[in-house]
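Only one structure is covered here, and it is reproduced in the block below.
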Amino acid sequence: MPFLDYVLQPPSYGWKNEQGSLVKPSANQIIKEFFSRLNIFRDRKNWLPFFSWLKVLCLVPFLVIFLTYFLSIPMAIAGFIYSMIIMGTHGTIWHHRYCTHGAYKFRNKFWRFFTQNLTINVIPEEIYVISHHVHHAKSDKPGDPYNANAGFLYCFLADVNHQPIAKDLSEADYNRVALLMKHTGVKGNTYAQYQRWGSYVNPASAVLSWALNWAFWYLAFYLMGGHALACTLFGAAGFWAVGVRTFNYEGHGKGEDKQREGIDHNHKDNSVNQLWPGFVAGEWHNNHHLFPKSARSGFKPHQVDLAWYYIKMMSVLGAVSQYKDYKKQFYQQHYLPYLNSKAIKPITQPTE
């Protein structure tokens with residue numbers, strides 16, 4: 001059985017039925033699974049998804065304080081920019097293009113650490129990275145941890161119900177997980193520690209990194225704008241942390257074929273290019289599924305890609321030693337052939 005078929009912990013309702021079709025659990029089944037997997041008293045191996053949502057809950061008081069005491073147009077604008085653009089773009093830069101796909105490499109560990117901590121720490125790398133490899137291998141098929149065909153709730157609670165790694169991996173398979181995570185710099189467990197905690201990331205290291213990251217950013221925001229700015233931006237991070245969990249449902253057409261001719265060129269799944277995620281986070285999702293290892297996914301002139309601009313800037317500064325860019329391949333293999341098939345003259349030719 002291929003490694004990606006069993007690297008994730010299957011939900012109690014399973015990935016597929018005996019006929020090989022996708023299991024679409026009811027809302028009650030999904031919610032029951034969610035709370036069962038957050039129960040650290042029943043099983044300490046549930047600690048990582050619990051920790052992930054604990055961070056979200058810890059951001060809620062900041063949002064309440066902002067809405068109660070500091071709500072103003074300037075602060076609302078600051079929160080909007082931080083949550084929608086800065087947090088969103090950082091997620092694409094760090095979790096998506098670097099941690100998962102290795103689309104670029106840092107010159108040294110300092111620049112990796114710098115980029116990792118550019119924003120408030122919210123999403124554990126392990127939960128994102130391993131499951132995202134499975135997502136690309138099984139996109140919109142049974143086993144895809146956030147399969148839009150199973151509905152909104154299936155995707156929204158996937159980080160708990162479907163994305164954690166399996167708890168019974170052999171030492172050889174655990175070492176394969178470690179290889180997928182090694183370049184991220186996240187401190188990993190030994191196999192014996194994995195057997196105790198059920199995760200790659202070391203709990204003590206994860207908690208320490210979280211505490212130091214939040215302490216640094218709260219102090220930095222406080223020095224820039226007092227408690228008002230600090231509570232606003234921490235509350236905005238909480239807003240983003242919930243909102244980002246809706247993306248893959250939307251980004252795969254809500255389980256329907258919503259691809260548009262001349263806009264979405266990957267037809268192997270239901271991924272679509274959307275203007276809003278593209279503009280604010282560089283997440284041109286259909287383009288990304290065509291070339292997942294590309295450091296750029298905004299290939300066309302109008303496709304703003306803030307994540308790519310950061311990576312390119314870091315390359316110019318010498319912080320990024322190399323990157324992969326598939327813009328030319330996109331034009332040669334997909335866009336220009338499409339235009340030729342329609343006898344349409346391209347408005348512009350591809351440039352760097």
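The set of residues in region 244-265 that are buried (at least 20 other Cβ atoms within 10 Å of the Cβ) and either of a type in the set (D, E, K, R) or touching a Phe, Trp or Tyr at 6+ places or on another chain (Cβ under 9 Å) (or both) comprises N248, Y249, H252, D264. Restricting I77, I40 to those that are modelled with pLDDT of 95 or more, closer than 26 Å to P11 by Cα and either over 15 Å from the mean Cα position of the chain (by Cα) or aliphatic (A, V, I, L, M) (or both) reduces the list to I40. Among the residues here, W94 qualifies as without any contact (Cβ under 8 Å) to a residue 40 or more places away in the chain and of a type in the set (A, V, I, L, M, F, W, C). The set of residues from region 120-138 being buried (at least 21 other Cβ atoms within 10 Å of the Cβ) and of a type in the set (S, T, N, Q) comprises just one member, S131.
Just for region 84-115: of the residues that are farther than 19 Å from W240 by Cβ and either buried (at least 22 other Cβ atoms within 10 Å of the Cβ) or of a type in the set (D, E, K, R) (or both), which one is farthest from the chain's Cα centre (by Cα)? Residue satisfying both the conditions and the ranking: R107. Within region 14-39, the residues that satisfy the criterion of being within 18 Å of K138 (Cα to Cα) and surrounded by 14 or more Cβ atoms within 10 Å (Cβ to Cβ) are W15, L22, V23, K24.
Within region 17-57, which residues are part of a loop (DSSP other than H, G, I, E, B), under 19 Å from G255 (Cβ atoms), out of contact with any Gly (no Cβ under 8 Å at 6 or more places or on another chain) and touching a residue at least 24 places away in the same chain (Cβ under 8 Å)? Of everything in region 17-57, those that are part of a loop (DSSP other than H, G, I, E, B), under 19 Å from G255 (Cβ atoms), out of contact with any Gly (no Cβ under 8 Å at 6 or more places or on another chain) and touching a residue at least 24 places away in the same chain (Cβ under 8 Å) turn out to be G20, S21, P25. Within region 298-318, the set of residues being in contact (Cβ under 8 Å) with a residue 12 or more places away in the chain, of a type in the set (A, V, I, L, M, F, W, C) and closer than 15 Å to H90 by Cβ comprises L306, A307, W308, I311, M314. Do we have I65 as exposed (fewer than 15 other Cβ atoms within 10 Å of the Cβ) and hydrophobic (A, V, I, L, M, F, W, C) here? Criteria not met by I65.
Pull up region 267-283, narrow it to residues that are small (G, A, S) and over 18 Å from H334 (Cβ atoms), then point me to the one that is surrounded by the fewest Cβ atoms within 10 Å (Cβ to Cβ).
Filtering region 267-283 for residues that are small (G, A, S) and over 18 Å from H334 (Cβ atoms), the one surrounded by the fewest Cβ atoms within 10 Å (Cβ to Cβ) comes out as A281.
Take V280 and tell me if it is out of contact with any Ser or Thr (no Cβ under 6 Å at 6 or more places or on another chain) and under 27 Å from V56 (Cα atoms). In short, yes. Looking across S139, S205, S170, one residue alone is without any contact (Cβ under 8 Å) to a residue 24 or more places away in the chain and under 30 Å from S21 (Cα atoms). It is S170. Is it true that some residue in region 286-293 is within 30 Å of K141 (Cβ to Cβ), surrounded by fewer than 17 Cβ atoms within 10 Å (Cβ to Cβ) and in contact with a Gly (Cβ under 9 Å, 6 or more places away or on another chain)? Yes, there is a match, as at least one residue in region 286-293 is within 30 Å of K141 (Cβ to Cβ), surrounded by fewer than 17 Cβ atoms within 10 Å (Cβ to Cβ) and in contact with a Gly (Cβ under 9 Å, 6 or more places away or on another chain).
How about region 141-243: which helices (runs of 4 or more DSSP H) wholly inside it have at least 3 residues that are exposed (fewer than 14 other Cβ atoms within 10 Å of the Cβ) and among the polar types (S, T, N, Q)?
Once the helices (runs of 4 or more DSSP H) in region 141-243 are filtered for at least 3 residues that are exposed (fewer than 14 other Cβ atoms within 10 Å of the Cβ) and among the polar types (S, T, N, Q), nothing remains.
The values are calculated or read from the model by the stated rules, or taken from the named source; none is laboratory data. Remember, predicted model here, so these are calculated numbers, not experimental data. Every residue, glycine among them, receives a Cβ derived from its backbone with ideal geometry; neighbour counts consider all protein chains shown.
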